[in-house]
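*Asks:* Please find one structure pasted underneath; my questions will follow.
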Amino acid sequence: MVLGLSWSPSTTNATRILRSRPVRLLLLYPCLRGLEAAAERHSSVFSFTPLSYALVEVLKSVYAFFTLRYRRPSTPYRRPHHGQEEEEYFLGEHDGTRGSGASARTYWPIAVCAGLLWAAHSHLYATAVNEGVSAITLQVALASATLFVLLGQYLLFSKSGLNASGQTVALQLAGVLIAGSTLAPTPSTTLLVIPVSIAMTMLSYELCYQSYSDISPTHINIVSFVSATVAHIAFAVYTRVAPRDLADHLIGVSAWDLLLIPLRTASGLWALSIVHDFGSLAEGMCRSLAFVFTLFGRHTLSIESWLGLIGGTLVNTWSGFTYLANEIGLQIDQAESPGYKRKLESVAPSNLRRVLSAVLALALGALCFVFPLSDTASLSSVDTQCANGRRSPSVPALPDRKYHHFDDTLLIVFFSHARYDVNLDHYREVYAEYFPNMVFVGPKTREDAGFRHSYDVLVDSYQSDEDLRDDKNFKMAGRMAHHMLYTAMQEYPCYDGYLWAPFDTFLNIPRLEQFDLNTFWYHSPFAKYVPNKALGTEEENQDPKRHPPPANISPDPKLNLTDGWRGWGDWWWGDPHVGIAECMPAFLRTPEIQRLRLAAYLDGETRFIGGSVDTLYIPGRHYERLMHTLGLFLETNCFLEIALPTVLHLVVPFDEEILYVDHHWIWYPPFNGDFVRQQWREGFEVDTFHTFHWGDTQEDGVWRGDPNLVGDTRDLLRQSAARQGTVLP
């Protein structure tokens, strides 16, 4: 009977090796890395601050201390270090029993350097995350580090047998790049900076473990953990993390952040255990295997390039497990033949190789800090989409247009309610001459106008319902209209600029053509006035009394703004359903550099910007940054007039200005061109205003469009051109 057969010594040794702690770590480490990557996708910005990383290093230090203090030494199964015989590992000459010689006084500089490199890598990784580098790009970068590890081992340790390892690494790297390119085809400096930093970190630990094999690795780890903690605290001080910033971070801490801290702690400890027992290349191969979990934890097989994803994943998995199986096989061979001397894997490196490795390390280390991760994408995904030209909106342009200033701008006209009818027709009749690219977006189709008009509107009904019965919990139809902006920009990603306005906002074309199309436009309290000939001298132009009021700055979000909120009639700051309390989680998930940008407007304080968003211009070169940040706010119920102005001030670069739009918001008649003429007589300018009516309620109580308003609006624009010294066609 098979069950009656006795176990052979070979089987016993193999079982013992497979059940050993190092091998278990080797097999489970990719799973742990996959869990860590999954938790990072759901965590807040706190998880990528220096203080969060410092907390992880403190936990690792505590674990190492208690291991050193209370754990009995045991003989590890690992590859022999340079110049050490195989038998020493099986005759009790291991780390826990060897005495500490002269090297005990010299190991700490390399251990400190290893810890500093780990901290630097964490800082670079967090910077990439905060700058919006995609999770897939980051995971591809981490998985690609094996190439640099292999090169480092060749230069530092002169290991033989690297030809076979090199083939395995090349095969796995090919699999990673094939699979990753289907999801993140954008070339990026992240693909060089992140692999170099993690490779240098792991090689420094391997060098320390091998150079000072008579020192317990726990001693080395404690020194490196403490130095990394100090480095993270120094980063926090350097980036001026104030107590109020820490309080803001803690407010947004979620269960994912709390889960990520022990995951990072365990991942870091397991990584060093693998480096100690098997070498830095084995750790890199395991990290590359974790890329598989990242792919299938985030994407499904319904993606367009499924063949490349599956093929690359299979190549990656096969090569990774082949390498790990070989490592485990070596352990089994050593256990079965303890007297057998395997040919040494390394010889002393020559001085030339040491010099080359030092020069290469300095060059690659400098590279990590020379290339700013804020400019990681050398070719944006939008550029990739637009390589074959941009998509034209369904609204056709006029055939004989003579005005071309806004030819590369997409005018996005939104409807909070499906009140199309003459509103849409009159609007298009007036502005189609100036905007050949125009898209209407609203909650329903225009099927009531027949088939020819059924595609006039890009439909987006996201939270477009309206219920005003409850004064304390009412729903306005346009509360999430920024979702329409996101939809329209996602549908048409290839324009040089995007002008956002509702159908009932008047656009003063002769004034708007004087605005820089490479700059954001909004009536921001921090914006720059655009010179206006009609207002007189420069001093008169700069007089705030000659301009309508700007958007608002919120109260301190730390205050309980919901107390005392009266509902209808109070502004949105304190609304518990759509106000600041609802917006704060999205704000805390934005990249730290963006929050610092907003704080720079506010003397370092944390505030939101709120006001009407009936006119907003977005330069196309900031498309990806705005879409990413706006998407964070759309994951909440943050109200349109808080979310969109705040997003704009988060994404505008430090060295760029916002241009001030003289925007008027009125709730009293006249709701037509007469309001503009009235403001001109009073010494004001009207770049845009809301509410502009394309009709009115007649004596019989029925609202009807007024065709005379089309001609009157055209005359108004010509009058404005005369004020500005220009001519309209």
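The values are calculated or read from the model by the stated rules, or taken from the named source; none is laboratory data. Just so we're clear, the structure is a prediction, and the values are computed from it rather than from any experiment. All Cβ positions, glycine included, derive from the backbone under ideal geometry; neighbour counts span all protein chains shown.
*Asks:* Can you tell me which condition N560 does not meet? The list is (1) more than 28 Å from the chain's Cα centre (by Cα); (2) in a loop (DSSP other than H, G, I, E, B); (3) modelled with pLDDT of 95 or more, and all the others hold.
*Replies:* (3)
*Asks:* I would also like to ask the following. May I ask you to list the residues in the stretch 665-681 that are polar (S, T, N, Q), surrounded by 13 or more Cβ atoms within 10 Å (Cβ to Cβ) and in a helix (DSSP H, G or I)? Step through it out loud before you land on a result.
*Replies:* Quick first cut of the stretch 665-681, residues polar (S, T, N, Q) only: 672, 678-679.
Remaining after also requiring surrounded by 13 or more Cβ atoms within 10 Å (Cβ to Cβ): 672, 679.
The one that is polar (S, T, N, Q), surrounded by 13 or more Cβ atoms within 10 Å (Cβ to Cβ) and in a helix (DSSP H, G or I): Q679.
*Asks:* Sticking with this structure for a sec: Go through T218, T229 for me and flag whichever is within 13 Å of L272 (Cα to Cα) and part of a helix (DSSP H, G or I).
*Replies:* Working: T229 fails: within 13 Å of L272 (Cα to Cα).
The match here is T218.
*Asks:* Taking the stretch 567-584, which residues are of a type in the set (D, E, K, R) and free of Cβ contacts under 8 Å to residues at least 60 places away in the same chain?
*Replies:* Hits for the stretch 567-584 are D570, E582.
*Asks:* Further question: Here are some residues: T519, T562. Which one is surrounded by fewer than 20 Cβ atoms within 10 Å (Cβ to Cβ), of a type in the set (S, T, Y) and out of contact with any helix residue (DSSP H, G or I) (no Cβ under 8 Å at 6 or more places or on another chain)?
*Replies:* T519
*Asks:* Can you tell me which of Y209, Y154, Y238 is modelled with pLDDT of 80 or more and either closer than 30 Å to F587 by Cα or of a type outside the set (G, A, S) (or both)?
*Replies:* On the way: Y154 fails: modelled with pLDDT of 80 or more; Y238 fails: modelled with pLDDT of 80 or more.
One residue alone meets the criteria, Y209.
*Asks:* Which residues, counting only those in the stretch 565-581, are touching a helix residue (DSSP H, G or I) at 6+ places or on another chain (Cβ under 9 Å) and either in the same structural domain as S43 (by TED's automatic domain parsing) or not in a loop (DSSP other than H, G, I, E, B) (or both)?
*Replies:* Within the stretch 565-581, the first condition is being touching a helix residue (DSSP H, G or I) at 6+ places or on another chain (Cβ under 9 Å), and the residues that meet it are 565-566, 571-576, 578-581.
Answer for the stretch 565-581, where residues must be touching a helix residue (DSSP H, G or I) at 6+ places or on another chain (Cβ under 9 Å) and either in the same structural domain as S43 (by TED's automatic domain parsing) or not in a loop (DSSP other than H, G, I, E, B) (or both): W572, W573, G574, I580, A581.
*Asks:* Give me the residue from the stretch 605-635 that is in a helix (DSSP H, G or I) and of a type in the set (A, V, I, L, M, F, W, C) and, out of that set, farthest from the chain's Cα centre (by Cα). Give the steps one after another, and end with the answer.
*Replies:* Narrowing the stretch 605-635 to residues in a helix (DSSP H, G or I): 620-634.
After this cut, where a residue has to be of a type in the set (A, V, I, L, M, F, W, C) as well, the list is 626-627, 630, 632-634.
Values: L626: 11, M627: 11, L630: 12, L632: 10, F633: 13, L634: 15 Å.
Only one residue fits best here, namely L634.
*Asks:* Being surrounded by fewer than 23 Cβ atoms within 10 Å (Cβ to Cβ) and farther than 22 Å from W573 by Cβ, is that true of even one residue in the stretch 600-612?
*Replies:* Looking through the stretch 600-612, none of the residues is surrounded by fewer than 23 Cβ atoms within 10 Å (Cβ to Cβ) and farther than 22 Å from W573 by Cβ.
*Asks:* Given the criteria part of a helix (DSSP H, G or I), at pLDDT 85 or above and within 25 Å of the chain's Cα centre (by Cα), does L124 qualify? Working first, answer last.
*Replies:* Working: part of a helix (DSSP H, G or I): yes; at pLDDT 85 or above: yes; within 25 Å of the chain's Cα centre (by Cα): yes.
Judged against the criteria, L124 is a match.
*Asks:* Filter the stretch 662-712 down to residues that are among the β-branched types (V, I, T) and out of contact with any Leu (no Cβ under 8 Å at 6 or more places or on another chain) and give me whichever is nearest to A501 (Cα to Cα). If you could, list the steps in order and put the result at the bottom.
*Replies:* Filtering the stretch 662-712 for residues among the β-branched types (V, I, T) gives 666, 676, 686, 688, 691, 697, 702, 710.
Keeping just the survivors that are out of contact with any Leu (no Cβ under 8 Å at 6 or more places or on another chain) gives 666, 686, 691, 697, 702, 710.
On the way: I666: 15, V686: 15, T691: 11, T697: 23, V702: 26, V710: 18 Å.
Going through the qualifying residues, I end up with T691.
*Asks:* Sort through F692, F684, F654 and tell me the only one that's in a loop (DSSP other than H, G, I, E, B), under 45 Å from the mean Cα position of the chain (by Cα) and buried (at least 23 other Cβ atoms within 10 Å of the Cβ). Outline the logic, then answer.
*Replies:* Values: F684 fails: buried (at least 23 other Cβ atoms within 10 Å of the Cβ); F654 fails: buried (at least 23 other Cβ atoms within 10 Å of the Cβ).
After applying the criteria, what remains is F692.
*Asks:* Now a separate question. For the stretch 695-728, give me the residue count where each residue is surrounded by 11 or more Cβ atoms within 10 Å (Cβ to Cβ) and not in a helix (DSSP H, G or I).
*Replies:* Qualifying residue count, the stretch 695-728: 9.
*Asks:* Taking only the stretch 204-234 into account, find how many residues are surrounded by fewer than 21 Cβ atoms within 10 Å (Cβ to Cβ) and aromatic (F, W, Y).
*Replies:* 0
Residue-by-condition table, conditions (1) out of contact with any strand residue (DSSP E or B) (no Cβ under 7 Å at 6 or more places or on another chain); (2) over 23 Å from P619 (Cα atoms):
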| position | (1), (2) |
| --- | --- |
| L424 | no, yes |
| E429 | yes, yes |
| D448 | yes, yes |
| V457 | no, yes |
| F474 | no, yes |
| A501 | no, no |
| N508 | no, no |
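*Asks:* Can you give me the ranges of the helices (runs of 4 or more DSSP H) entirely in the stretch 413-523 with at least 1 residues that are touching a Pro at 6+ places or on another chain (Cβ under 9 Å) and under 25 Å from P645 (Cβ atoms)? Walk me through how you get there before you give the answer.
*Replies:* Numbers: elements: 421-431, 482-491, 509-512.
By residue number, 482-491.
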